[in-house]
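Undergrad: A single structure is presented below for examination.
Throughout, read-outs are computed from the coordinates displayed, never taken from laboratory work. Note that this is a predicted model, so its numbers are computed, not measured. Don't worry about glycine lacking a Cβ; one is built from the backbone with ideal geometry, like all the others, and counts go over all protein chains shown.
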């Protein structure tokens, strides 16, 4: 008798919650707005943490020549450099693309490990990064430098290519050895 009572209570609860009790699948009457929109599943549109503070990443403006800061929601207290680089690699949201914003970092696999030691962030690039032409590499480096140096405790960024030190293009096109800072790319910023 107790089993029947429990079964009836469960059946009643399922019915009250709107869960169908029949054996047949039932068609959905109303699909929620935007659910079938192909852009709705864009990973750039999904905030990492809707309640976290905003962090800045830098995208390329519609001219294709300058950088502009945009916000992403990450948990400021627990966001690692990898999280911030991941947000940058995700690229512009569909709304930002609609405004003409783009990224030079079109291959998520172009960036490997990140680290922070003594205020210098280090990024290990992969061979996929070398596919980019010179001007695109310069913009991609600038995007990473501005994004990472916007973080507390990061003043400079150094780059390696698969673990080997490399020369880095500055904003003016000259090459730098070692680490670089925001000052090396000021001419690429829309509003310094």
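Undergrad: Take residue 166 and residue 117, extend 7 Å from each Cα along the Cα→Cβ direction, and tell me the distance between the two endpoints in nm.
TA: About 2.0 nm separates the two model spin labels.
Undergrad: Which FRET efficiency, nearest 0.05, do residue 95 and residue 126 yield, Cβ-Cβ r, R0 22 Å?
TA: Values: r = 29 Å, r/R0 = 1.34.
Efficiency, from the Cβ-Cβ distance: 0.15.
Undergrad: With a ≥ b ≥ c taken as the square roots of the eigenvalues of the C-alpha gyration tensor of region 42-188, please select rounded if a/c is under 1.5 and otherwise prolate if a/b is larger than b/c or oblate if it is not? Before the final figure, lay out each step's value.
TA: Values: a/c = 1.56, a/b = 1.21, b/c = 1.29.
It comes out oblate by the Cα gyration axes.
Undergrad: How would you rank 78, 102, going from fewest to most other Cβ atoms within 10 Å of each one's own Cβ? Don't skip to the end; give the middle numbers.
TA: Details: 78 9, 102 16.
Least to most surrounded, the residues fall as 78, 102.
Undergrad: To continue, here is another question. Can you give me the C-alpha center-to-center distance between region 72-123 and region 126-191, rounded to a whole angstrom?
TA: About 13 Å separates the Cα centre of region 72-123 from the one of region 126-191.
Undergrad: A further question follows. Give me the number: length gained by fully extending residue 107 to residue 78, i.e. 0.36 nm times residue separation minus the C-alpha to C-alpha distance, one decimal in nm. List each step's numbers first, then the result.
TA: On the way: separation 29, 0.36 × 29 = 10.44 nm, distance 2.54 nm.
Taking residue 107 through residue 78 to full extension adds about 7.9 nm, to one decimal.
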